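Accompanying notes for the structure given below.
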Amino acid sequence: MADDFFEGTWRARQSEASQWKVDQPAPQQAYLRFEPTDSGYLMVAYGVVNGEACAERPQSIIADGRRRPLLDLSGRPIPGVPAGAMTFGSRPDPHTLELGSEVDGQVLGAGRYEVSADGKTLTVTNKGSGPKGPFEVVMVLERVDPDPYRA
């Protein structure tokens, strides 16, 4: 983990820097987990919304600049995602991931994940249009140490 700024578990801070502009309630707790894979990361988002545990569909992140079909981890279409949607990512520097998805030239979503120089804070900025309408989210997260998923 010392050489990888993203690997591990991150917990959202409740702060003024975090903004939740989406037609859904803000989570009371939110976590991101980045697990390294041979080609990038597996990102898992989970937390508590309206007092109930919830999780988003795990996402494969490959930040090599190439466009790929936007599919689930088993290679199947994702319900609610338009046919032909493509996903892409880049890593402009070791502290930053930039991700996006589009269909027919129309942006579905774009995100920037940036780890602070000291490796303790992750700022996530996502915006786009989803099945429930437009969204814009800024989250400031802190590294969970010790990581609960490390033995």
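The values are calculated or read from the model by the stated rules, or taken from the named source; none is laboratory data. Remember, predicted model here, so these are calculated numbers, not experimental data. Counting neighbours? That spans all protein chains shown, and the Cβs are built from the backbone with ideal geometry, glycine included. Side chains are part of the model used for accessible areas, which takes the heavy atoms of the whole protein and leaves out ligands, DNA and RNA. Shrake-Rupley method; radii C 1.70, N 1.55, O 1.52, S 1.80 Å.
Give, as a single signed number, the net charge of other residues whose beta carbon lies under 13 Å from the beta carbon of residue 37, with Lys and Arg counted +1 and Asp and Glu -1.
Numbers: positive: 33; negative: 4, 7, 35, 38, 64.
Result for the local shell: -4.
So what's segment 31-151 giving for Cα Rg divided by 2.2 N^0.38 Å, two decimals?
Relative to the rule-of-thumb radius for its length, segment 31-151 sits at 1.09.
Hey, any idea what % of the chain's accessible area is carbon plus sulfur with a 1.4 Å probe?
Of the solvent-accessible surface of the chain, carbon and sulfur hold 52 percent.
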